[in-house]
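**Student:** The structure that follows is given in the form of structure tokens.
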Amino acid sequence: MSASTPTPTRPGPAASARPRTRRLRDQVALGWLAAAVVITVVHRWVPDATWLMIHLVLLGALTHSALVWSEHFAHTLLRTLPDDAGRRRQDARVLLMAAGGLAVFVGVPLAQWWLVVLGTVLVSVAVLWHAVHLVAVLRGALPSRFRVVTHTYVAASLFLPVGVGFGAALALGLPEEWHGRLLVAHLASNLLGWVGLTVVGTLVTFWPTMLRTRMDDRAERLARQALPILVAGLVVLVAGALLGWRPLALAGVVGYALGLLWWGRALARPLLAKGLHEFAPASVLAALVWGLAGIVWVAVLLVLAPSWGSLGDVFPLVGGVLAVGFAAQLLSGALSYLIPSVMGGGPRVVRAGQAWFDRWGTVRLLVINAGLMLWLMPAPSWVKVTVSTAVLAGLVAFLPLLVLGARASARARRDPDAVAPEARPFWTGNQVVAAVAALALSVTAGVAVDPAAAGLAGSGPAAPAASGVAPTGNTTRVEVTAHGMEFTPNRIEVPAGDRLVVVLTNTDPAMAHDLVLNGARTPRVAPGATAELDAGIIGADTQGWCSVAGHRQMGMVLDVVVLGAPTGAAAAPPADPAGGHAGHGASGAGAGTAAGAAIPPTNPAETLGTFVDPVLPPLSDETVRKVTFTVTEVPLEVAPGLWQTRWTFNGGSVGPVLHGRVGDVFEVTLVNDGTIGHSIDFHAGALAPDRPMRTIAPGESLVYRFTATRAGIWMYHCSTMPMSSHIAAGMHGAVVIEPEGLPAVDHSYVLVQSEVFLANAATSAEQALELDADKVVAERPDRVVFNGIANQYDLHPFTVRVGERVRFWVLDAGPNRASSFHIVGGQFDTSWTEGSYTLRRGEGAFGATDGGAQVLPLLPAQGGFVELTFPEPGHYPAVSHVMVDAERGAHAVVEVSP
């Protein structure tokens, strides 16, 4: 029995008169893809950018294509053509789906749940209408060999409403455990159910069509047998996730995978018979490989993840990889074949268009797939950025090629005498070389931006030769691991006169470390990476240390003991590779000489390049508040004319102020774009710290969810050790949760007091160093500041009018010093701290109605607010009444006008 392969129907004259249908069929998907590219480029400035990029591809482009092309294939295989009314109804479904997707894409980043629900309903109505239409087509069609394809499409359509319903629930902001469970169910229903089953049904006939060869005789039978296995596996997987029983969910994944393998045998024979000679089937095959890898990844996570909550942390990465490796390649491959074929015009016209889709196909495939594999490997963050840029370029190249291919087909249709383009070999050595060169250039560019993170920065200046000892000519080579806050071994014995080489491996899961020893230093070594340090000839006992701020103070030192040293040889003082002493805790090149520099007092005549707006952000109506905190390490002014390299949340001198009500849910995505491990701890939420407060390595991210159950001004901060250094370096901020019934006032300001420990008197960004950790331990701050910058509100005063009521929310972020907030010339008639009023509009605890307060006393991490009105115009200093701290910069001015 011969196996014929149905080909996509090509439009005749009636179809040619339907430009609107074609626009909806093709351009909606391309619009979603273009939007995903734009968001990828500007993601740093877009809320929920990672979620948006993934869903623009999956819920936008891929779902639209599954809707329109599954209907196309159902009509083709059942030999039924829609009439004009049917085409109008398809247009309506497409528009309904697009409107629903748009509502979701706007609603989630803006935390407008009603919009998310509206979009979910519209998407569900569109796809269920699609399923009803397919059932009607089945009933009205004559018996056909490939009815199972349409059966598969109907089954797929039933999973999408379930999956988007789970997605709407996720947008509510659920506890970590339920978030993880629903996320698994959401991914299973949408990606494995709606998309996966649609792909299975389509490729029964479309795969051999793309390969231009005969179908496997078993294809229809294998698809019929696999469909119930796939559906059962999905049902079991979703049930296991909802019940919180991971063995059941794992059984569902295994069952689904077995169904795929059983069906997938029908793909092997056509592939072996014909091979890959065009971009379209090669791209689709690459997508299938990534899809199968994603299923294996999910199974491994179900086995190894410590909790459902931890699955929720990893699944966005799984979704992102599948969006690029599976969805984007599936779309570009399928459309590369379908669009020229369905546009029609005869073989010559089709070849004219398809020739463009095959242009640089080998380069694109290799750059996308090898680049994605490189991106998944441990690598410095800048290498990931440059490699991902190359992958994006490989994907985006499909869009202009599509336009050029369509134009080529149009030209060939207009000119019947035009010569068809000459067929070119798809796989060429030149293209392989070009792809390898492009990826090598991407990696090289990433290393060039940050060579230290790649372990290629060298070991600094040559280690000094030991004095008083003759070189032996031997080399002592020692392997040392860095983990937590210690080196293992932390003591090395070296024969006098030997050259010492230390191979440092960082086994810490999240934190970068380095080694400074005998005048040499390694670059910062990323988790899992290794660097080699040549300490030179060792003639006396010495000591090495990790120069990451605070690590040496936590005991991260390496003692080198010399065996057989000459009598009277003194221990060598630890030498800094910049040429100075090493008795301070500053980090960065040049820290050795700079830390001893005198820090001048603030010059009141200095200007300030920037300042932090102290106004409390307005309180919106949303109840689920989603924000992204990106960790960066950047030079900033900490006083007029003084600079320091700060560790920041979102690049500011102090972290962003979050503002909400009791009962609000906060969903904070922490992205570590720094060079060492960081974390975050929100005092405003009560939850186990094990997962949300864990340290993440550079390039990683986590999602921290909490519900604000109590009012107050709550501190948040990096909780990575040494915590004092991370807080002092700038990683702190405030969450204001308003008490019930808080009266409105004319002005609300937020002041976060903290301490600054300078390693040098840098007067420019180029000179700025990180904090001096020795000063942190000794509690010797150089500046005490409000909102990260000393004296900034002397230069930019608070401005109010006589009689206006002003509320100051104040938080003492420390890390060490208490505060006593006071306004010179003012008296507070309201004082609220740590959950309760001590004074409320003059009424005290014992019923007195004429009470007042002069200070708001706060220990580190405490907060509260005070209110007052000003009796007459003037300039009222606002200070910490720990006066030495006011003189260090905890000083502001309230400028009161009539």
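The values are calculated or read from the model by the stated rules, or taken from the named source; none is laboratory data. Note that the structure is predicted; figures quoted are calculated from it, not measured. No Cβ is skipped: glycine too gets one built from the backbone with ideal geometry, and neighbour counts run over all protein chains shown. All accessible areas refer to the heavy atoms of the entire protein, side chains included, with ligands and DNA or RNA removed. Shrake-Rupley method; radii C 1.70, N 1.55, O 1.52, S 1.80 Å.
**Student:** Figure the gain on full extension for Val433 and Leu563 (residue separation times 0.36 nm, minus the Cα-Cα span) and round it to one decimal in nm.
**Tutor:** Result for the pair: 41.4 nm of gain on full extension.
**Student:** I want the local charge near Val882. Using Cβ-Cβ distances under 14 Å, sum +1 for each Lys or Arg and -1 for each Asp or Glu among the other residues.
**Tutor:** Result for the local shell: -2.
**Student:** Positive end of the dipole of the chain, charges at C-beta (+1 Lys, Arg; -1 Asp, Glu), about the Cα centre: which of Val200, Val396, Val894 has its Cα farthest in that direction?
**Tutor:** Val200
**Student:** Compute, for the stretch 50-127, the length of the dipole vector about the Cα centre, with Cβ point charges of +1 (Lys, Arg) and -1 (Asp, Glu) only. Units Debye, rounded to 20.
**Tutor:** The calculation lands at about 60 debye.
**Student:** Follow-up question, since we're still on this one. Mind grabbing the accessible area of Asp850 for me, 1.4 Å probe, Å², rounded to tens?
**Tutor:** 130
**Student:** May I ask you to derive the FRET efficiency for Arg477 and Met377 from their Cβ-Cβ distance with R0 = 25 Å, giving the value to the nearest 0.05? Please list the in-between numbers first.
**Tutor:** On the way: r = 27 Å, r/R0 = 1.08.
Rounded to the nearest 0.05, the efficiency is 0.40.
**Student:** If you plug each phi of the stretch 741-751 into the Karplus form 6.51 cos²θ - 1.76 cosθ + 1.60 with θ = phi - 60°, what whole-Hz ³J(HN,Hα) values come out, in order, with x for Gly and Pro?
**Tutor:** Once θ is set to phi - 60°, the couplings for the stretch 741-751 become x, 5, x, 6, 10, 6, 9, 10, 10, 10, 10 Hz.
**Student:** On a full-extension model of 0.36 nm per residue, what is the gain between Asp83 and Val303, subtracting their alpha-carbon distance, rounded to one decimal in nm?
**Tutor:** 74.1 nm
**Student:** For Arg780, Arg817, what's the largest-to-smallest order of accessible area, 1.4 Å probe?
**Tutor:** Arg780, Arg817
**Student:** Suppose the chain between Glu834 and Val37 were pulled fully straight at 0.36 nm per residue; how much longer would it get relative to their current alpha carbon spacing?
**Tutor:** 282.3 nm
**Student:** Could you pull the accessible area for Thr76 with a 1.4 Å probe, rounded to 10 Å²?
**Tutor:** Number for this one is 20 Å².
**Student:** Using only Cα atoms and rounding to the nearest 10 degrees, what angle (0 to 90) does helix 308-321 make with the longest principal axis of the chain?
**Tutor:** 60
**Student:** Spin-label point model (7 Å from Cα, Cβ direction): what's the Glu887 to Ala410 distance in nm?
**Tutor:** For Glu887 paired with Ala410, the spin-label model returns 7.8 nm.
**Student:** Magnitude of the Cβ-charge dipole of the stretch 828-898, K/R +1 and D/E -1, about the Cα centre, nearest 20 debye? Please list the in-between numbers first.
**Tutor:** On the way: 3 positive and 9 negative charges, 26 e Å.
Charge dipole, the stretch 828-898, about its Cα centre: 120 debye, nearest 20.
**Student:** Would you list Ser764, Ser336 from the most to the least accessible area, probe 1.4 Å?
**Tutor:** These residues rank, largest area first, as Ser764, Ser336.
**Student:** For Asp559, list long-range residues whose amide hydrogen, built 1.01 Å from N in the peptide plane, is under 5 Å from its own amide hydrogen.
**Tutor:** Arg491, Ile492, Gly544
**Student:** Please compute the per residue accessible area over the stretch 24-70 with all protein chains in place, 1.4 Å probe, rounded to a whole number of Å².
**Tutor:** Spelled out: the 1.4 Å probe surface of the stretch 24-70, per residue, equals 37 Å².
**Student:** Label-point separation (nm) for Val254 and Gln27, each offset 7 Å from Cα along Cα-to-Cβ?
**Tutor:** Distance between the two pseudo-spin positions: 5.1 nm.
**Student:** What distance in nm separates the simple spin-label points at Leu242 and Ala273, each placed 7 Å from Cα in the Cβ direction?
**Tutor:** Distance between the two pseudo-spin positions: 4.3 nm.
**Student:** Moving on. Heavy atoms of the protein only, probe of 1.4 Å, neighbouring chains included. What is the accessible area of Met715 in Å², nearest 10?
**Tutor:** Ignoring ligands and nucleic acids, Met715 comes out at about 10 Å².
**Student:** If you don't mind, another one. In what sequence, largest accessible area first, do Glu700, Glu766 appear using a 1.4 Å probe? Each step should come with its number before you reach the end.
**Tutor:** Details: Glu700 85, Glu766 160 Å².
Final ranking, largest accessible area leading: Glu766, Glu700.
**Student:** I'd like the Karplus ³J(HN,Hα) series for the stretch 626-640: coefficients 6.51, -1.76, 1.60, θ = phi - 60°, whole numbers in Hz, and an x wherever there's a Gly or Pro.
**Tutor:** Going residue by residue, I get 10, 9, 10, 10, 9, 7, 9, 10, 9, x, 9, 6, 10, 6, x Hz, with x marking Gly and Pro.
**Student:** Report the per residue volume, in Å³, of the convex hull enclosing the C-alpha atoms of the stretch 107-156.
**Tutor:** With only Cα atoms used, the stretch 107-156 gives 60 Å³ per residue.
**Student:** Indicate the gyration tensor shape class of the chain (rounded, prolate or oblate), computed on the Cα atoms with a ≥ b ≥ c the square roots of the eigenvalues: a/c under 1.5 is rounded; otherwise a/b larger than b/c is prolate and the rest oblate.
**Tutor:** It is oblate, given that a/c is not under 1.5 and a/b is not larger than b/c.
**Student:** Further, regarding this structure: Give me the tail of P(r) for the stretch 699-823 as a percent: Cα-Cα pairs with distance above 19 Å.
**Tutor:** Numbers: 4581 of 7750 pairs.
Here the long-distance tail beyond 19 Å is 59 percent of all Cα pairs in the stretch 699-823.
**Student:** Same structure, new question: When a/c is below 1.5 the answer is rounded, else prolate if a/b is larger than b/c, else oblate, so apply that to the stretch 771-898 with a ≥ b ≥ c taken from the square roots of the Cα gyration tensor eigenvalues.
**Tutor:** oblate
**Student:** Can you tell which of Val469, Met883, Val503 lies farthest toward the positive end of the dipole of the chain, using +1 and -1 charges on the Cβ of basic and acidic side chains (Lys, Arg; Asp, Glu)?
**Tutor:** Val503
**Student:** 5 Å is the cut-off here: which amide hydrogens, built 1.01 Å from N in the peptide plane, fall below it relative to Ser719, excluding neighbours closer than 5 in sequence?
**Tutor:** Those qualifying (amide H under 5 Å, at least 5 residues apart or on another chain) are Ser679, Ile680, Asp681.
**Student:** Now a separate question. Which residues does the label zone of Thr630 cover in the stretch 89-118, counting backbone N under 18 Å from a point 7 Å along Cα→Cβ?
**Tutor:** Zone members listed by number: 109-110.
**Student:** Only four residue types carry charge here, +1 at the Cβ of Lys and Arg and -1 at the Cβ of Asp and Glu. Report the dipole size of the stretch 739-898 about the Cα centre in Debye, rounded to the nearest 20.
**Tutor:** Dipole size: approximately 180 debye.
**Student:** So, with a 1.4 angstrom probe, what is the percent of accessible area on the chain that is carbon and sulfur?
**Tutor:** On the way: 22200 of 35570 Å².
For the chain, the apolar C and S fraction of the accessible surface comes to 62 percent.
**Student:** Now for a different question. What is the calculated FRET efficiency for Val745 to Asn650, with r their C-beta to C-beta distance and R₀ = 35 Å, to the nearest 0.05? Walk me through the numbers on the way to the answer.
**Tutor:** Working: r = 27 Å, r/R0 = 0.77.
Efficiency for this residue pair is about 0.85.
**Student:** Using only helices, what value at 222 nm comes out for the chain when you add -39,500 (n - 2.57) per DSSP H run of length 4 or more and divide by the total residues, to the nearest 500 deg cm²/dmol?
**Tutor:** Numbers: 24 runs with 370 residues, N = 898.
Only helices count here, giving -13500 deg cm²/dmol.
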